[in-house]
Amino acid sequence: MKEHYLKTVQPHFDDVKSGRKPFEVRFNDRDYQVGDILHLQEFIPPETYTGQEIVKEVTYILAD
């Protein structure tokens, strides 16, 4: 199990937080695996983290 820290911009951050968006679509450039932990950190471009974070576990990976 690995932990990944990922920037998440609005409105996607709020949609994940509310449960409207129960998934992430990301390029698998970090070798994500089922069981990994994602730290989705709210980010306001170009360089501001708000300090809010949502922690989720990877439960499924869509290949191809």
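The values are calculated or read from the model by the stated rules, or taken from the named source; none is laboratory data. Values in this document were obtained by computation on a predicted structure and should not be read as measured data. Backbone-built Cβ (ideal geometry, glycine too); neighbour counts: all protein chains shown. Protein only, heavy atoms only, side chains kept; ligands, DNA and RNA dropped before computing areas. Shrake-Rupley method; radii C 1.70, N 1.55, O 1.52, S 1.80 Å.
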Output for Cβ contacts, cut-off 8 Å, separation at least six or different chains, first residue without any contact (Cβ under 8 Å) to a residue 12 or more places away in the chain in the stretch 1-20, second open to solvent by 80 Å² or more (accessible area, probe 1.4 Å) and aliphatic (A, V, I, L, M), reads none
If we keep only residues of the stretch 5-26 that are assigned to a loop (DSSP other than H, G, I, E, B) and either farther than 14 Å from VAL58 by Cβ or at pLDDT 95 or above (or both), then the residue most open to solvent (accessible area, probe 1.4 Å) is ARG20
Looking across the stretch 27-49 at residues that are open to solvent by less than 60 Å² (accessible area, probe 1.4 Å) and assigned to a strand (DSSP E or B), the single one that is farthest from PRO11 (Cα to Cα) is ILE37
